Structures are given as structure tokens and as C-alpha cells.
Amino acid sequence: MDYKAQIAANIANITDIPAEEVFKLTEIPPQLDMGDYAFPCFILAKTMHKAPQAIAANLAGNEAVLKGMENAVEAVAVGPYLNFKIKKDVLAREIISEILSSGDEYGKSNMGEGKNVIVEFSSPNIAKPFHVGHAFTTLLGNSLSKIYSRLGYNVIRMNHLGDYGTQFGKLITAYRLWGDEEALNRDPINELLRIYVKFHDEAVAKPELEDDARENFRKLEEGSAEEVALWQRFRDLSLDVFNQLYDRMGIGFDNYNGESYYAKMADEVVDMLKEKNLLVESEGAQVVPLDEYNMPPCIILKSDGTTIYATRDIAAILYRYRNYQFDKNVYVVGIPQALHFRQVFSVLKKAGFDWADNCVHVGFGLVKFKDNTAFSTRKGNIVKLDDLLNETVAKTREVIVENNKTRGGEMTEEEIDFIAEKVGLGAVTYTYLKAGRERDILFDWDEMLDFEGDTAPYLIYTYARSRSILRKAEEQGYKPSGPDSVSVLTSDEEYALIRSMGDLPDAVRRAAAEYEPFIIAKQVSLIARNFNRFYNNSKIINSDDDQLRAARLTLCECLCDAMKSGLGLLGIDVVERM
């Protein structure tokens with residue numbers, strides 16, 4: 001039973017608060033002995049004209065609060081809160097049964113059935129290196145896509161490539177002047193970066209290069225065969241490199257339509273806005289005023305008649321709604337673009353498209369290193385993601401090699417390489433996702449590879465430890481018992497582990513609602529800490545009680561499913577041993 005949902009429904013039936021609002025307000029108490037759920041009664045004080053404490057006491061005595069849960073739940077007033085305590089054996093049996101039946105898809109739901117969610121993420125610039133800043137949108141968007149899929153939504157993963165703009169005129173000019181064909185075929189991104197940087201260096205003394213670049217971009221826009229062929233080649237070579245990185249990280253997309261795809265639809269946007277009398281002239285440009293939204297006007301056409309990002313993004317949204325009728329259209333793009341998206345969504349809203357309210361900008365912070373390294377594509381001073389991944393995997397391998405030596409060298413070199421790759425990539429992913437997305441990321445290898453801290457290595461090791469226990473038990477002829485024997489799991493450590501695993505599905509739902517994978521990361525971390533306390537304070541295989549041993553092995557089995565499920569939603573793979 002979904003006790004939280006039932007509690008919300010019951011409270012809604014005897015108050016004037018919608019069940020959805022009650023559900024959002026219902027909390028998990030900070031200590032297990034306070035109960036499993038707590039509803040704050042402050043919100044009822046105005047309508048009931050009583051103190052929250054009195055309201056909590058009255059509700060606790062109302063039988064309707066426990067309708068459908070009478071034999072399993074107790075309602076208790078704790079100050080201004082109405083707390084609900086579920087019988088431990090009942091809750092444990094239900095949680096363990098659900099985990100075992102769901103396996104590593106624990107937390108799955110059909111709440112999004114029949115609904116389309118578009119998630120736009122990654123969106124690197126063609127002909128430029130994939131740097132650590134792009135990793136934030138890529139990993140965050142990948143996790144959100146997995147979360148929505150787990151909840152039953154049909155997810156369309158969009159990679160809105162930066163493949164349009166005056167920079168391509170610069171690249172075409174630079175390639176013709178300084179391009180090295182052999183280098184382009186061997187290492188396309190670095191060669192394109194080299195000539196792009198050289199263009200800006202040379203243009204300082206030769207400003208006429210900028211004129212040549214503008215002319216090349218004009219030809220590209222007009223469809224000149226030679227310029228289009230060069231642009232297409234730069235795009236294809238770049239995408240090949242990007243896909244190698246995506247494959248390494250286990251990330252896929254359903255659509256790669258970039259800016260160039262929507263640029264040809266810009267006239268449709270302009271005509272639509274003119275037809276609705278929304279365009280006005282401002283200093284030669286065509287804009288949509290947004291005074292009623294307390295925002296500056298959104299430029300649609302520049303004074304020279306060309307379009308900008310906003311025009312193309314409006315075109316993209318119109319295209320997406322026509323083709324997908326999305327329930328949500330989610331943009332995983334950095335915080336500095338917040339005003340841009342508010343303007344774009346507001347233009348559509350002003351144009352009468354109410355579904356514009358279903359467009360969401362999911363912003364995120366900056367990526368920094370301990371020395372506050374800054375990077376700029378024009379200067380060529382960037383931190384490439386593949387370099388970061390390689391360095392992290394190499395450092396992870398060093399740790400695993402040392403650990404392997406202490407165990408007598410039981411792992412092969414091939415197995416060490418496999419584990420180092422999974423754990424290293426997981427360490428990077430978790431560093432991006434373990435805190436609120438609007439916080440800046442500070443890379444510290446000592447911290448992110450700590451096997452005892454709040455890190456991916458610690459979480460993956462917890463999974464591997466539990467798998468090791470189950471393997472050793474099987475070798476000795478012991479098996480998990482399933483959910484029927486959980487009544488013997490009475491210790492505080494056992495119940496804390498069960499309860500934290502039971503809260504994972506709710507964490508998945510909240511992560512989707514708030515666009516915050518860190519909610520899942522936080523819950524998985526809590527599960528891991530609770531398991532390790534249970535492990536350190538309990539005899540599992542060596543228990544003298546056969547029933548208790550089997551029940552504790554069941555906990556280990558559930559731990560593996562819960563950890564694999566939660567980490568998988570973050571985009572992190574587990575390994576069977578470390």
C-alpha cells in the first residue's frame with residue numbers, strides 16, 4: 001500500500017485541502033521513533049480557527065484519518081504535527097515484497113502512462129571540444145530522462161546541437177587558410193579548435209578576416225554548395241567524436257535536430273507573431289514587448305533582419321508540440337539562460353499557446369576546480385571531459401590495484417580495468433548530481449574518490465559488499481528467505497535500513513517533480529549508510545539462528561536491488577565486486 005497517498009486522501013476528505021497538496025506537505029520525521037509520516041497542521045489553522053496543536057489532537061482522534069489502514073497504522077499528535085506510525089512488521093513485509101517483485105526497477109510507476117516528456121540536454125557546439133561544463137547538462141538531463149522513464153512517461157531525448165551561427169563562417173575561413181586535412185581526419189575536434197583559435201588571434205591584426213567570415217556565413221545561409229558541404233563535414237566529424245563520448249557514458253538520444261534545423265522555420269514564427277499583432281519596432285529591430293511579465297522585450301528580428309536564438313527556440317517549441325503534444329518540454333540549460341527561456345515561454349503564452357506553461361527551464365550551476373581554472377574556447381583554454389574521465393579512471397585504478405594487492409591479487413588486469421572504468425565514470429557522475437543542481441560543482445579528486453565518504457565509490461562498494469555476502473552465503477548453502485520471515489528483523493539497524501529503502505520510490509517521484517536527481521542521490525546515500533551500520537552490528541552468514549540468517553540475507557538482496565535501481569537512475573553502473 002502507498003501509505004503516504006492514502007494518508008493524503010484521508011486528510012483531504014475531512015479538510016478542504018486537495019489530496020495533492022496534502023501529499024506535498026506530508027513529511028518524513030527526522031527520527032524513526034517519531035513515526036513514518038508527519039502532516040503539519042499549520043495550514044489548517046486559518047480555516048479551522050484553532051491552534052495547530054489542537055487541530056493535530058482532533059485529527060488524531062478522528063477515525064476517518066485511518067480509513068483503509070486501521071489495522072496497520074496509528075495516528076498520534078506530536079505538537080502541531082499529526083504523525084503516523086506504521087506497524088514495523090507490516091511495513092517491512094510490504095517494502096521487502098515490493099523490492100523483490102520489482103528488482104532493479106524498484107520505484108517503477110505508471111503515473112506518466114500515455115504522456116510525452118521531452119528532455120533537451122547536452123547540446124554541445126559543433127566543431128568545439130566537449131568540456132566539463134557540457135557534462136553538467138549531459139549527466140543531469142540523462143538522469144532526468146531515466147527518472148521520467150521509470151515513472152512511465154514516454155521520454156524523447158533531444159540533443160539541440162549548436163550547429164548554426166557566424167562561428168561557422170569563421171571556421172570556413174580558417175579552414176581554407178590554415179586547415180590541415182590529415183589532422184582533421186585524425187583528430188577533428190582539436191584541429192577545428194586549433195584553426196578557430198588561430199582565427200581570433202589573427203583577426204586582431206587583420207580585422208578583414210571578420211568580413212570574410214561574415215560573407216562565408218551569408219553563403220552558408222543561402223545554401224551555397226561549397227560552404228554547405230564544409231559545414232556538413234564539420235558537423236558529421238564532430239558528431240562522430242561526441243557519440244564516442246556518449247557511448248562511453250551510456251547516454252543516447254532520440255533526436256539531434258540542432259539550431260540549423262529550426263532556423264529554416266524562423267519565417268513561420270515571424271509571420272505568426274505579425275498575424276497576432278505582437279511584433280513592434282524598437283531601434284530597427286522587431287520585438288515582442290513583455291511588460292506584463294515584468295521582463296524586457298524579446299527580440300525576434302535584429303535590425304539587419306536576421307533571427308536570433310529566441311526566434312529559433314520558439315520555432316523549435318512549435319515544432320515539438322505539433323509532433324509530440326508534450327506533457328512537459330524540459331530544457332536542461334545553465335542558469336545564465338534563465339531570462340532567455342522566460343522570455344521565449346512568455347512570447348508563446350502571449351501568443352495564446354497555453355501549453356507554453358508546460359515548458360520548463362531546468363538550470364544548473366558552474367563547474368570549477370580547486371584552482372578556479374577558467375576556460376574559454378576562443379583562447380583554447382578548456383578542460384575537456386574526456387581528459388577528466390581518463391584522469392579519474394586512472395586514479396580509480398590506482399586505488400583498486402592497491403586494494404587488490406591486499407586481497408592477494410585475485411582480480412585480473414581485465415577485471416581491474418572494467419571496474420576502474422565503471423567506478424571512475426560513476427565518481428564523476430555522482431559529483432555532478434549529489435547536490436542541488438543550482439550549486440556550483442567543485443572538483444576534488446581526493447574527495448570524489450574517497451571510499452568512505454559521500455561518493456560513488458562508497459555507494460558502489462556498498463552494493464559490491466552485499467553481493468559478496470550473498471555469493472559467500474550461496475557457497476555455504478544458505479539462501480534468502482523472502483518477505484515472509486521479516487518478523488524476526490527487530491533491531492533498530494534492520495528497521496532503519498528497511499525504512500530508508502521503502503522511501504526510495506517517493507524520492508523518485510519528488511526528484512521528477514522538482515527536477516532534482518540529488519533527491520535520489522541523497523536517499524541512496526542514506527540507504528548505503530544504514531546498510532553499513534547494519535552490516536557492522538549484525539551477524540549475517542555467521543548467525544546462529546537459521547531464520548534470522550535467511551531474513552538478513554533477504555535484506556542484502558533487497559539492498560542490491562534498491563542500490564542498483566537508485567544508482568541506475570543517476571546514470572551510474574554497479575559492479576559485482578571491488
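No value in this document is a laboratory result; all are computed from the given coordinates. A quick note: this is a predicted structure, and the numbers were derived from the prediction, not measured. So basically every Cβ, Gly included, is an ideal-geometry build from the backbone, and we count neighbours across all protein chains shown.
Straight-line reach from Lys198: which lysines have a Cα under 28 Å away, not including same-chain ones fewer than 8 places off? Excluding near neighbours in sequence, the set is Lys128, Lys170, Lys206, Lys219, Lys368, Lys379, Lys384.
Note that the range 116-131 has calculated 3J(HN,Hα) couplings of 9, 10, 9, 10, 9, 8, 6, 6, x, 8, 4, 6, 10, x, 7, 9 Hz, one per residue in order, obtained from phi through the Karplus relation 6.51 cos²θ - 1.76 cosθ + 1.60 (θ = phi - 60°); glycine and proline are x.
Modelled spin-label separation between Ala9 and Asp386, with each label point placed 7 Å from Cα along the Cα-to-Cβ direction: 5.3 nm.
Angle, helix 188-205 long axis vs. longest principal axis of the chain, Cα atoms, 0 to 90°, nearest 10? Long axis of 188-205 versus the principal axis of the chain: about 50 degrees. If R0 equals 56 Å, the separation of the Cβ atoms of Glu21 and Lys206 corresponds to a calculated FRET efficiency of about 0.30. With an a/c value under 1.5 for the gyration tensor axes a ≥ b ≥ c computed over the alpha-carbon atoms, the range 3-86 is described as rounded.
In a fully extended conformation the segment linking Arg533 and Asn71 would gain 163.2 nm over its present Cα-Cα distance, using 0.36 nm per residue. Within straight-line reach of Lys115, meaning a Cα separation under 17 Å, sit the following lysines at least 8 residues removed in sequence or on another chain: Lys146, Lys328. A prolate overall shape is assigned to the range 255-389, the ratio a/c of its alpha-carbon gyration tensor axes (a ≥ b ≥ c) being 1.5 or greater and a/b exceeding b/c. Listed by chain and number, the lysines whose C-alpha is less than 20 Å from the C-alpha of Lys85, apart from same-chain residues fewer than 8 away, are Lys4, Lys24, Lys67.
Against the main long axis of the alpha-carbon atoms of the chain, helix 504-514 sits at an angle near 30°. If only the Cβ of Lys and Arg carry +1 and only the Cβ of Asp and Glu carry -1, the dipole of the chain around its Cα centre is close to 860 debye. Fully extending the segment from Asp546 to Ile28, taken as 0.36 nm per residue of separation minus the present Cα-Cα distance, adds 183.1 nm.
Counting only DSSP beta bridges whose two residues both lie in the chain, roughly 55 percent are antiparallel.
Taking Cα centre as origin and charging only the Cβ of basic (Lys, Arg, +1) and acidic (Asp, Glu, -1) residues, the dipole magnitude of the range 322-450 rounds to 1020 debye. With contributions of -39500 (n - 2.57) from each DSSP H run of at least four residues, the per-residue ellipticity at 222 nm computed over the chain stands at -18000 deg cm²/dmol. The slack between Arg471 and Phe418, meaning 0.36 nm per residue of separation minus the straight C-alpha distance, is 17.1 nm.
Compared with the dominant Cα axis of the chain, that is its longest principal axis, helix 492-502 is turned about 40°.
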